[in-house]
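> For reference, the structure I am asking about is given below.
The values are calculated or read from the model by the stated rules, or taken from the named source; none is laboratory data. From a predicted model like this one, the values you see are computed outputs, not experimental measurements. Don't worry about glycine lacking a Cβ; one is built from the backbone with ideal geometry, like all the others, and counts go over all protein chains shown. Just so you know, the surface numbers come from the protein's heavy atoms only, side chains and all, with ligands and any DNA or RNA stripped out. Shrake-Rupley method; radii C 1.70, N 1.55, O 1.52, S 1.80 Å.
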Amino acid sequence: MSWVCNLSASEYVEAAKYHKDTTVDFIEKALLLMKSQPYEITTGCSVFGKQIKKRANQVLREIHLLSAYLRLQPYQEMILVGSCKPEHNSVYFIAKTIAKRFDQFIIVIFSSSDFAVVSNRRDIPHFPNFSGSSREDIINSVRDFAARNITQKLPEDLILDEGDLLWEKYYETQFLEQRLNPKLFHKFIPKYAIEKAEMKIEGKFLKKIEHQSKKECSTLDSFL
Amino acid sequence: MPGILEKLRILGEAAKYDLCASTASPRAHTPGSIGKSVTTGVCHSFLPDGRCISLLKVLVTNRCIHDCKYCVNSTKNKTKIKQTITSFEPEELAKLTIAFYLRNYIEGLFLSSGVGKSANCQAEIIHETLHLLRYKYNFDGYIHAKVLPGIGKDELYRIAELADRVSLNVELPNKTRFNETCSTKDYTNDIIKVTKLLPDMNKTGHIPAGYTTQYVIGAAEETDKEILEAVFKFYDEDWNFRRQYYSTCLPLELKPRSFPRDFFLREHRLYQIDWLRRIYKFSPDELISVVNDTGFIPLKEDPKVTIARENSEFFPVDINNATYRDLMRVPGVGHTSATRIINLRNKGVLIHKNEQLKTIGVVLKRALPFLKIGEKKQLTLADFQKKEEND
C-alpha cells in the first residue's frame, strides 16, 4: 500500500479496509464500485465513493500522525517500544512506518487492545508469536528474543535515562511566548492526536500555558 | 560548570530565534545506520506558538564577539535575559541528538553557534560534532548546520561534507541596512563572499538538501521592496537558494508578552510573496508591483488576490480547459489542487459541480469569482469586489 496523498481508487479501498466500522459487506461493495466507477472514489462525487475515501483518509491520517507523534523508549537489545491508542486497526502500519526510520531495530507498538512487533532487519525473517499477560511480559519476551538473535547492542550512554526530562526542558525553552498561537498548534497536532499518541509532555505544557492564550490581546492598538 | 540540563536550557533558549524546516534529503541512506532522512513525513513536534521543532535546535556556545542589535547573544545586549555563557562538548551534543532521535522526538539536528573566538574556530567544533554523529554513532538523520559569517572556504567545505543543508543568515537585505544593525561584521566579506561558495558546493554533490538564509524583519529601517529585491536575486539560478526565511524582530525583554496576530502580518505577507515566487512561479516584476509607493506590501489583502484583481482580463479561467500554470494563478487553488484537477482531466473526468472542487481541495470562497465551471461563471469579479467592500 502506498501512503502518498493522491491515491488511486484501489489504494483508497485498501486503506478503508482497516477502518474500525468497515464490514465484509462494505469491502465487497467497495470492490464493485472500484471496478465499475473508480473515479467516484477518487473524486468522492457519489455518496458511497465519498464514504470510502473518507474512511481511507481517516485510517491514513491516523497512521501518518501517530507514527510521527508517538514517543519511543529505547532498550539496549536494539528495541524501541511505543504506545498509542489508535481508533482503527492501524497499529501494525504505525509500527511499519516507524521501522522505515530505524532499520536496525525491533519496533514494538502497543495499542489498548493489540500490539505489533516489526523489524526491517534482514537477519530476522520471522518473529515467534510473542505473548504475555502484561505489556512488561511482552517486552521482556521480545528482549529475550533480541538478546539471543542480535549480537549488536545499543551503547548504554545513548539511551540517556533522563531523555524525557531533557526533552521537557528543551520543549519549554523553544516556545516563543510572543507568538503564542494554540489554534495554529492544533492545526498541526489536533487535540485527539495528543491523546491518541499519548504526548504527555506536550499536553502538560499546553495546559500550563492555556490561561495565557485567554489573556492574549486582540488588536494592534491594545499592544501599542 | 552547568550540567547537561542547564546547558540545554541556555543553549536551546539562545537558538530559538533561528528558523529551519525539516526536510527530506536526497542523500542515499546508509544501511545499518541510525535514522533516515530520505523519506518525508509529518514533522514530529510543534510548539504552542505553531512552529515546528522537528530538529534539535541548539547553539554550540552562546559566547559571541558580534554586536548585532537584534540578537540575544550580542555583546550589546545589556538586558538581564542574557544568560550565563556556556558551551556544549561535541560528544555531549552527539549523544543528546541520538537520544532524542531514538525517542522519536526529532528528525535531526539544527546546529548553530555564537562566534566564540573566531568563525573558523567555532566551525571546527561544529565539524567535530557532525563527524562524531556521522562516523562514531552512524547517525543518518537530517543535519542542518549554520554557517557562521566570515568562515573560511576549507572550514565550510568540511562542514558541507557532513551536513544535509547549511544556511548563512543574510539578516538584512543590503549593505546599508546591514551596517545599521551591526558594526563588527562586514556584509560583503563575511556574508556575500561566503554565500558565493555555496552554489558550487551544491553542484559538486555536497549539501544535498541545498542552502537557505534568513532575514530579520524590522531590525533596521528596511522596506519590503528592499527585502524582496534581495530575495528574488537569491532565488535566481546564479544563487539558487532553496528557501529564505523571515523572522519578525522581537524586543529583548525580561518578561516576554504575547502580541496580536497583526504584529506578525508583515512577516506573513513576505512568506506569501516568497511562495508565489518559489512554488507558483510568479515573475519578480509582477510581485514587486504589489508593493505600494512607500515600499511596503499592503497588509490588508492576500498578494495573490491583489495580483488577480490587477489582471482581471485573464479571468474567469475555464476549470476544464485551463493549464496547470493558469490554475496556479487562481486564488484558492494551490499546487495540490491544480495537480489533482489536471490528473482527473487526463483520466477523462471533468469538473461540473462546486462540490467536486471542494473535495479536490480548492478554497471555494476565494476561487469561485475567478473560475468558469461549464458555462457558468460563479460570481462576477465586480460582484466579488462589491461583496468584499461590504464585508
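> Anything in the range B:120-133 that is open to solvent by less than 30 Å² (accessible area, probe 1.4 Å) and either touching a Ser or Thr at 6+ places or on another chain (Cβ under 9 Å) or in a strand (DSSP E or B) (or both)? List them, or say none.
Scanning the range B:120-133 gives B:GLN122, B:ALA123, B:ILE126, B:THR129, B:LEU133.
> Here's something else I'd like to know. Looking at (1) assigned to a helix (DSSP H, G or I); (2) surrounded by fewer than 16 Cβ atoms within 10 Å (Cβ to Cβ); (3) in contact with a Lys or Arg (Cβ under 9 Å, 6 or more places away or on another chain), which one does B:TYR271 not meet, given that it meets all the others?
For B:TYR271, the exception is condition (3).
> Still on this structure: Take the residues in the range A:114-124 that are under 18 Å from A:SER141 (Cα atoms) and either touching a Phe, Trp or Tyr at 6+ places or on another chain (Cβ under 6 Å) or not charged (D, E, K, R) (or both); name whichever of them is surrounded by the most Cβ atoms within 10 Å (Cβ to Cβ).
It comes out as A:SER119.
> Note down all Cβ pairs under 8 Å where the first residue falls in the range B:50-70 and is under 14 Å from B:LYS146 (Cα atoms), the second is among the charged types (D, E, K, R), and they're at least six residues apart or on different chains.
Close Cβ pairs satisfying both conditions: B:LEU55/B:GLU107; B:LYS57/B:LYS16; B:LYS57/B:ASP18.
> Separate question: For the range B:284-297, state whether one or more residues are in contact with a Gly (Cβ under 6 Å, 6 or more places away or on another chain), farther than 27 Å from B:LYS203 by Cα and modelled with pLDDT of 95 or more. Before the answer, list the steps.
At the first step, the residues of the range B:284-297 found to be in contact with a Gly (Cβ under 6 Å, 6 or more places away or on another chain) are none.
No, every residue in the range B:284-297 fails to be in contact with a Gly (Cβ under 6 Å, 6 or more places away or on another chain), farther than 27 Å from B:LYS203 by Cα and modelled with pLDDT of 95 or more.
> Moving on to the next point. Could you check the range B:15-38 and list, in sequence order, the residues that are open to solvent by 10 Å² or more (accessible area, probe 1.4 Å), in contact (Cβ under 8 Å) with a residue 40 or more places away in the chain and more than 9 Å from every other protein chain (Cβ to nearest Cβ)?
Correct list: B:ASP18, B:LEU19, B:CYS20, B:ALA21, B:SER22, B:THR23, B:ALA24, B:PRO26, B:ARG27, B:THR30.
> Still on this model: Exactly one of these conditions fails for B:ARG27: (1) of a type outside the set (S, T, N, Q); (2) under 27 Å from B:SER118 (Cα atoms); (3) part of a loop (DSSP other than H, G, I, E, B). Give me its number.
(2)
Yes or no, residue by residue, for (1) in a loop (DSSP other than H, G, I, E, B); (2) open to solvent by 50 Å² or more (accessible area, probe 1.4 Å); (3) modelled with pLDDT under 85:
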site	(1), (2), (3)
B:CYS43	yes, no, yes
B:CYS71	yes, no, no
B:SER74	yes, no, no
B:ASN77	yes, no, yes
B:ILE85	yes, yes, no
B:GLU91	no, yes, no
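> Does any residue in the range A:167-191 that is facing chain B (nearest Cβ under 7 Å) and closer than 17 Å to B:LYS57 by Cα come within less than 7 Å, Cβ to Cβ, of a residue that is at pLDDT 90 or above and surrounded by fewer than 16 Cβ atoms within 10 Å (Cβ to Cβ) six or more places away or on a different chain, and which pairs are these?
A:LYS169/B:LEU5
> Restricting attention to the range B:48-55, does a residue exist that is touching a Gly at 6+ places or on another chain (Cβ under 9 Å), assigned to a strand (DSSP E or B), more than 9 Å from chain A (Cβ to nearest Cβ) and under 25 Å from A:LEU180 (Cβ atoms)?
First, pick out the residues of the range B:48-55 that are touching a Gly at 6+ places or on another chain (Cβ under 9 Å): B:54-55.
Within this subset, residues satisfying the condition of being assigned to a strand (DSSP E or B) are B:55.
This time we only want the ones that are more than 9 Å from chain A (Cβ to nearest Cβ), so: B:55.
Among the residues that remain, those that are also under 25 Å from A:LEU180 (Cβ atoms) are: B:55.
Yes, the range B:48-55 contains a residue that is touching a Gly at 6+ places or on another chain (Cβ under 9 Å), assigned to a strand (DSSP E or B), more than 9 Å from chain A (Cβ to nearest Cβ) and under 25 Å from A:LEU180 (Cβ atoms).
> Let me ask something additional. Taking only the range A:165-181 into account, find how many residues are part of a helix (DSSP H, G or I), of a type outside the set (A, V, I, L, M) and open to solvent by 20 Å² or more (accessible area, probe 1.4 Å).
Here is the first cut: in the range A:165-181, the ones part of a helix (DSSP H, G or I) are A:165-174, A:177-179.
Retained after the next criterion (residues that are of a type outside the set (A, V, I, L, M)): A:167-174, A:177-179.
Those still in the list that are open to solvent by 20 Å² or more (accessible area, probe 1.4 Å) too: A:168-169, A:172, A:177, A:179.
Residues meeting the conditions: 5.
> With the condition being within 14 Å of chain B (Cβ to nearest Cβ) and touching a residue at least 60 places away in the same chain (Cβ under 8 Å), I'd like the strands (runs of 3 or more DSSP E) fully within the range A:63-132 carrying at least 2 qualifying residues. Even if it seems obvious, please write down each step before you answer.
Working: elements: A:72-75, A:79-83, A:106-110, A:115-119.
Result: A:72-75, A:79-83.
> Residues A:LEU184, A:LEU158: which one is surrounded by 16 or more Cβ atoms within 10 Å (Cβ to Cβ) and either more than 22 Å from the chain's Cα centre (by Cα) or among the acidic types (Asp, Glu) (or both)? Can you show your working first?
On the way: A:LEU184 fails: either more than 22 Å from the chain's Cα centre (by Cα) or among the acidic types (Asp, Glu) (or both).
It is A:LEU158.
> Report, by residue number, each residue of the range B:278-335 that is of a type in the set (A, V, I, L, M) and free of Cβ contacts under 8 Å to residues at least 40 places away in the same chain. Quick ask: steps written out before the conclusion?
Narrowing the range B:278-335 to residues of a type in the set (A, V, I, L, M): B:279, B:287-288, B:290-291, B:297, B:299, B:305, B:307-308, B:317, B:319, B:322, B:327-328, B:330, B:333.
Correct list: B:VAL290, B:LEU299, B:ILE307, B:ALA322, B:LEU327, B:VAL333.
> Among the residues of the range B:150-173, is there at least one that is in a strand (DSSP E or B), touching a Leu at 6+ places or on another chain (Cβ under 6 Å) and over 24 Å from A:ASP164 (Cβ atoms)?
Residues of the range B:150-173 that are in a strand (DSSP E or B), as a first pass: B:165-167, B:171.
Of the ones still in play, those that are also touching a Leu at 6+ places or on another chain (Cβ under 6 Å) are none.
No, the range B:150-173 contains no residue that is in a strand (DSSP E or B), touching a Leu at 6+ places or on another chain (Cβ under 6 Å) and over 24 Å from A:ASP164 (Cβ atoms).
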